[in-house]
Structures are given as structure tokens and as C-alpha cells.
Amino acid sequence: MAANNRRMSGKKGAQVGSGGQRRRGLEGKGPTPPAEARKGHKKNRITNAKAKQAVRRPAPRGGRGGKGTSEMVVGRNSVVEALREGVPATMLYVQQFIDNDERVREALQLAAERGGIHLMEAPRPELDRMTNGLNHQGLVLQVPPYEYAHPEDLAAAAYDAGKDPLIVALDGVTDPRNLGAVVRSVSAFGGHGVVVPERRAAGMSAGAWKSSAGAAARTPVARASNLTRALEAYKKAGLVVVGLAADGEVEVGDLEALGGPVVIVVGSEGKGLSRLVGENCDFRVRIPMPGGAESLNAGVAAGVVLYEASRRRA
């Protein structure tokens, strides 16, 4: 009997307090993670390597001048006008159960005729969210980001075509309607593009597109991170920098340089040219105004000087 007790005492039995450990050991560990998430697995190593490469790789710029931001045109009249003027668009959102009036029908017809514009029906709360509560009247047009050129591309394209560059640069012009008007004038008088600063200036929004009356589709707009440096680069490329100023030393009709490679710099209506930009101008010209007006807006001023430049090149 003692021998039996010795044999039984030699067996490994359950230890005091081990019940919880046994139960946890029997519990499942959940579903098996995918191979990409299992440490040490071949697919996991490949996934980690691709992630590291993506971090090191610079983000694509989408063009040397970069891209603008997407925009929403809201309201029935605004949407119809944008479609009439050829403003680029990718999507037309139409509210569900909308009152089908004449403007809605025209917007749908214009979008269908243009092609490339997707139609999307959406409930009113979704359109309210997209437009931050603006009065969209059931129509929202999505305008894609504008692809800007690089300032150097404008002069290079003119030289490649065997022509003297004729470029307009805007300094501190913040009204997109003025930008659109300048683009329209540049196109009308045979110019090669418009340069705008990246900050504190109007960009190619839907308003600028409408004011250009379609000219923005054939006249490039470049964006400069630093306008002063862009003008210095134009000088090195052989262009004369002409700034418009109410107290300019030369009248626009007397400046022979307008007949050659030139970049015309137009300042804001209120402040004119900034100090650094003005110091980088080869000439500061004035537009005579016998009627006594103090100044012209950017679009009109650019048109006057572009006409003179075009006349000298004819």
C-alpha cells in the first residue's frame, strides 16, 4: 500500500491556484490575422518595405506649377452660367425630388451636351453638408482643381514658336473677375499667358473662368511661389519687365520696349505694385487719363498696355 502511495505521489497533479491559468489556456485567440499583418511572414515584410518606400518617395506635383483646389458652384443661376461659359466640371449634383423648372432643365441639358460631366442625384441633407449650408437650390457643380503652368513655360513656349514673349504678371490682384478679364485680354491681343502669385492673390476659380469668357481654355495661367524671383528669371531669359504705376516715368505710348519680349506687371487697384516688385521693374510706365480718373482696375489697365504692345508688333 505504501508503494502505491509512493507511485501516486510521484504523479504531477493540478497545483493550487492554477484553475484560472488552465481556463485561459483553453480560450481561443480570435481569428487568424491576414498574412500581411503577421510579423515575420513574407507578405508582412513586403508590405512594410512598400510602406517605407512610399514615405521616402516625394508626392507627385501634378505639373510644374502645381494644382489649385477643387471648388463647388452652388445655386441654379450660378450653375447654369458656369456651364454656359464652359467652366470645367466633373460632377453635377441634383437634389432628389427637385422642382424641375427651366433652369434645372437647362443645366441638365448643358451638362449632357458637354459630355464628361457625371450626374449624381443626392438627398438635400447631403447637398447641405457638401456646401456647408449654402443656398444651393438643389444644384451643385463640382469644378476640378486648375492645373497651373510654371512661369518659365510661358516664355519657353513663345520662343519655341519663334515669337517674342508677351506675358502679364499680376501683383496683389485678389478679385478673380479681374484675373479672368486679364486672361481674356491676353488672349485677344496675342499674349502668351498670365502669372499669378501663389499666396494673397486670385486664382483660377469658377469666377475667373466665367470672366474670361472661354479664353482660359486657350491661355495658360502660371503660378509663382515668389513673384520677385519669377521676374528675375524672366530678365535672365531676355524679357524686359514693365510695371504699371500711376507715377511712372514713361507714358505707355512712348515705350518702345513693348515691341519686344516683355512681361507687363499690373498691381492692385488700391495699393499698386509692391515695393520689391517695383524695384525689379526695368521701366515704370503710366497710362495717361485726361478724364481725371485716379486709377483703372487691373483688367482695363492690362488691356490698354496689351493693345499698345500688339500694335507695335503688328
Cβ-Cβ under 8 Å pairs, at least 6 apart or on other chains, the range 147-166 side within 17 Å of SER310 (Cα to Cα) and among the acidic types (Asp, Glu), far side at pLDDT below 95 and open to solvent by 50 Å² or more (accessible area, probe 1.4 Å): ASP164/ARG313
Elements of type strands (runs of 3 or more DSSP E) contained in the range 98-177, each with 1 or more residues being open to solvent by 30 Å² or more (accessible area, probe 1.4 Å), under 30 Å from ALA224 (Cα atoms) and touching a Ser or Thr at 6+ places or on another chain (Cβ under 6 Å): 139-143
Residue count, the range 180-218 (criterion: farther than 22 Å from LEU141 by Cβ and within 16 Å of the chain's Cα centre (by Cα)): 8
Residue in the range 300-314 that is part of a loop (DSSP other than H, G, I, E, B), surrounded by 17 or more Cβ atoms within 10 Å (Cβ to Cβ) and in contact (Cβ under 8 Å) with a residue 24 or more places away in the chain present: no
Filter result (outside any strand (DSSP E or B) and within 21 Å of the chain's Cα centre (by Cα)) within the range 82-95: ALA82, LEU83, GLU85, GLY86, VAL87, PRO88, ALA89, THR90
Strands (runs of 3 or more DSSP E) completely within the range 196-299 that count 1 or more residues being open to solvent by less than 50 Å² (accessible area, probe 1.4 Å) and touching a Lys or Arg at 6+ places or on another chain (Cβ under 8 Å): 240-244
Residue count for the range 130-146, restricted to those that are farther than 23 Å from GLY303 by Cβ, within 20 Å of the chain's Cα centre (by Cα) and in contact (Cβ under 8 Å) with a residue 60 or more places away in the chain: 6
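The values are calculated or read from the model by the stated rules, or taken from the named source; none is laboratory data. Because the structure is a prediction, the values reported are computed rather than measured. Please note: Cβ atoms are built from the backbone with ideal geometry, for glycine as well, and neighbour counts cover all protein chains shown. Accessible surface is based on the protein model in full, side chains and every heavy atom, while ligands, DNA and RNA are left aside. Shrake-Rupley method; radii C 1.70, N 1.55, O 1.52, S 1.80 Å.
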